[in-house]
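Let me begin by presenting the structure, written as structure tokens, before commenting on it.
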Amino acid sequence: MSEKPILSVRNLKTYFDVTKGIFTKKQIVKAVDDVSFDVMPHTTFGLVGESGCGKTTLGRTIVKIYDPVEGSITFEGTDIAQLKGKELKQYRKDVQMIFQDPYASLNPRMTVGEIIKEPMIIHGIYNTDQEREDRVVELLKTVGLKPDHIRRYPAEFSGGQRQRIGIARALAVDPKFIVCDEPISALDVSIQAQVVNLLEQIQHDLGLSYLFIAHDLSMVKHISDTIGVMYLGHMVESGPANDIYHRPLHPYTAALLSAIPIPDPNVAKAKGRIVLEGEIPSPINPPAGCPFSTRCPKATERCKSERPQPIQVGTRLVACHLYEK
Ligand code: SF4
């Protein structure tokens with residue numbers, strides 16, 4: 001029997017009403033618009049796209065910070081919209097989030113020990129404070145910090161160390177799935193690889209599944225089994241990480257890949273760079289046809305009026321008229 005996804009997202013739409021004043025026309029931001037994908041157990045789904053493409057909103061909808069207006073999220077076979085009481089609390093324990101900004105996401109007035117213990121107290125894990133304290137020490141070691149860091153405050157740590165504290169806090173309740181929302185974007189390049197390696201090691205040791213959100217395709221490729229590319233609230237291409245990285249199909253994926261710096265200037269020149277003209281359109285007033293049509297170097301008249309639906313092309317799902325037969 002083939003393995004089932006741990007998380008399935010189907011036709012998900014998360015919209016926000018941003019209308020100002022009662023006499024103005026309704027303005028709706030379509031942050032996530034008809035997105036579908038699966039995450040298999042013990043794997044990483046990398047989600048990429050420029051800032052404002054809806055990837056963080058998608059992550060926050062999965063952890064139930066936002067409610068979708070349509071579509072479904074199924075976790076271990078259960079539609080999470082149906083969860084209430086104990087089951088909802090269990091979901092909030094099973095699915096954790098690591099935030100982008102390690103400076104803003106930790107309470108500066110709490111010690112590291114208090115920060116990591118807090119979710120254990122909320123979820124009623126362990127009976128005594130000593131048990132929780134022992135677990136904090138264990139978690140500090142897991143994320144590469146020292147046991148005596150337990151009594152220190154976030155301000156005493158570097159950005160990379162703070163992100164390790166954020167990871168320890170997420171692990172405190174023994175989750176099954178972690179939404180990693182740009183966990184390395186705010187860190188120095190030299191520290192980014194260390195945090196990615198730590199997340200990979202933890203996944204290997206604990207059998208976790210990740211949704212890893214980033215705007216840097218090269219880093220996502222390193223950690224991901226599957227990659228999804230988002231543009232203006234839509235998933236424009238998804239499939240195995242290697243295939244997408246080495247042979248992008250969607251013109252937007254190709255442009256994102258060509259923007260990755262190549263250390264060898266000769267190789268970089270030979271490869272060329274696709275420079276996208278113009279800005280990302282407003283999600284309040286997206287193009288009528290393909291969301292990428294205002295910037296796509298391969299756009300045709302049809303692209304301006306007809307929205308492409310995702311179709312299977314080999315190992316990939318691609319939403320582009322170029323691949324329709
Ligand atoms: Fe470009 Fe048209 Fe494909 Fe959209 S559908 S990505 S505009 S070629």
- request: Could you list, in sequence order, all residues of region 100-116 that are assigned to a loop (DSSP other than H, G, I, E, B) and modelled with pLDDT of 90 or more?
  value: Leu106, Asn107, Pro108, Arg109, Met110, Thr111
- prompt: Which of (1) surrounded by 21 or more Cβ atoms within 10 Å (Cβ to Cβ); (2) modelled with pLDDT under 95 is the odd one out, the single condition His215 does not satisfy?
  reply: (1)
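Looking at the structure I just gave you, is Ser185 in contact with a strand residue (DSSP E or B) (Cβ under 9 Å, 6 or more places away or on another chain) and either modelled with pLDDT of 95 or more or in a helix (DSSP H, G or I) (or both)? Spell out how you get there, then give the answer.
On the way: in contact with a strand residue (DSSP E or B) (Cβ under 9 Å, 6 or more places away or on another chain): yes; either modelled with pLDDT of 95 or more or in a helix (DSSP H, G or I) (or both): no.
For Ser185, the condition - in contact with a strand residue (DSSP E or B) (Cβ under 9 Å, 6 or more places away or on another chain) and either modelled with pLDDT of 95 or more or in a helix (DSSP H, G or I) (or both) - is not met.
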task: Would you point out the residue of region 296-319, among those that are out of contact with any helix residue (DSSP H, G or I) (no Cβ under 7 Å at 6 or more places or on another chain) and touching a residue at least 24 places away in the same chain (Cβ under 8 Å), that is farthest from the ligand (Cβ to nearest atom)?
output: Gly314
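Residues are listed down the side, and each one gets a yes or a no for (1) modelled with pLDDT of 70 or more; (2) out of contact with any Gly (no Cβ under 9 Å at 6 or more places or on another chain):
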| site | (1), (2) |
| --- | --- |
| Pro240 | yes, yes |
| Leu257 | yes, yes |
| Ile260 | yes, yes |
| Ala268 | no, yes |
| Lys271 | no, yes |
| Ile280 | yes, no |
Per-region count, region 117-160, residues closer than 20 Å to Pro175 by Cα and either charged (D, E, K, R) or in a helix (DSSP H, G or I) (or both): 18
task: Please verify whether region 280-289 includes one or more residues that are closer than 16 Å to Asp34 by Cα and near the ligand (Cβ under 8 Å from one of its atoms).
output: yes
message: For region 162-199, which positions are surrounded by fewer than 19 Cβ atoms within 10 Å (Cβ to Cβ) and either free of Cβ contacts under 8 Å to residues at least 60 places away in the same chain or of a type in the set (Phe, Trp, Tyr) (or both)?
response: Asp188, Val189, Ser190, Ile191, Ala193, Gln194, Asn197, Leu198
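The values are calculated or read from the model by the stated rules, or taken from the named source; none is laboratory data. Given the structure is predicted, the values throughout are model-derived calculations rather than measurements. Cβ sites come from the backbone with ideal geometry, for glycine too, and all protein chains shown count toward neighbours.
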